[in-house]
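Quick note: the coordinates plus some simple rules give every number you see, no bench work behind them. Keep in mind it's a predicted model, so treat the numbers as computed, not measured. Cβ placement follows ideal geometry from the backbone for every residue including glycine, while neighbour counts extend to all protein chains displayed.
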Amino acid sequence: MLAKMFLDVFRLFFCGAWRRGFAKSVFAFSLLMVAGLPPLRAQPMNESFLRQAKAYPAEGGYVWSSTGCPEALVRGTDTLLRKSKAGTYCSGFTFAVFFKVMNDRGSFDSLNMADLKSIQQDWYGNTAPSAERQCVYVMEKWNLGSQIEMEHARPGDFIQFWRNNNTGHSALFLGWIRDESGTITGLKYRSSQRPTNGIGERTEPIGSASRSLNPKRIYLGRIGAGFPAP
């Protein structure tokens with residue numbers, strides 16, 4: 001069986017099929033199977049999300065109204081969300097980052113506008129099932145990614161967190177703040193918020209104070225296959 005499989009791959013190579021992605025994929029898969037290794041998994045899209053997040057100009061005003069989006073979100077000839085009339089807010093910013101990257105890659109080609117509207121409503125936490133985890137709920141519901149543990153977080157992950165006073169925020173994860181012993185004491189993120197007059201980067205403490213982040217209500221999600229991953 002193995003000899004026949006390698007003979008077929010060998011023929012593909014010398015017939016010129018190597019130039020096509022299919023032959024390369026078959027060859028790589030065959031080698032991995034023989035070596036007892038799992039096939040390579042899709043890579044996360046964190047870098048694309050980071051680039052998109054930083055492409056939006058800083059500040060621009062913060063307003064808790066309208067769509068919260070820094071630009072109109074369009075699929076074909078249909079507009080899912082209009083550009084916010086004056087400033088942005090957190091859910092609109094992170095959803096715009098998510099939508100632009102996914103739409104440009106064709107990840108939504110099989111979805112209709114009703115599907116996309118449902119995703120948007122859950123991302124904003126406007127439905128009972130999505131109210132707590134929001135963006136992470138969307139990833140799992142639509143099989144786009146999964147929740148990951150704090151120690152596995154990478155820049156470009158999406159995050160929904162809640163403070164001890166029950167105020168919440170949607171953001172793009174940039175990094176942890178740690179003390180001398182390596183314990184996580186704070187979070188650095190990019191989003192839209194009043195202290196940065198709209199889009200910008202900010203750090204917040206994690207702890208027991210009223211305005212600090214509740215460590216039990218920090219939800220990180222990563223778009224891609226085969227997660228969580230260290």
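So here's what we get for this one:
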item	result
Partner aspartates and glutamates for residue 216 [C-alpha distance under 14 Å; skip if fewer than 8 residues away on the same chain]	132, 149, 151
Segment residue 151-residue 214, length gained on full extension (0.36 nm per residue, minus Cα span)	21.1 nm
Residue-span extension gain [residue 162 to residue 105] - 0.36 nm each, minus C-alpha spacing	17.4 nm
Burial ordering of 191, 181, 48, fewest other beta-carbon atoms within 10 Å first	181, 48, 191
Shape call, the range 64-143: gyration tensor on alpha carbons, a/c limit 1.5	oblate
For the range 45-81 and the range 105-171, distance of Cα centres in Å	15
In the range 65-148, GluC sites (Glu not before Pro) in a DSSP loop with at most 14 other beta-carbon atoms within 10 Å	132
Residue-span extension gain [residue 51 to residue 179] - 0.36 nm each, minus C-alpha spacing	43.2 nm
Placed amide H near residue 74: partners under 5 Å, 5+ positions off or other chain	80
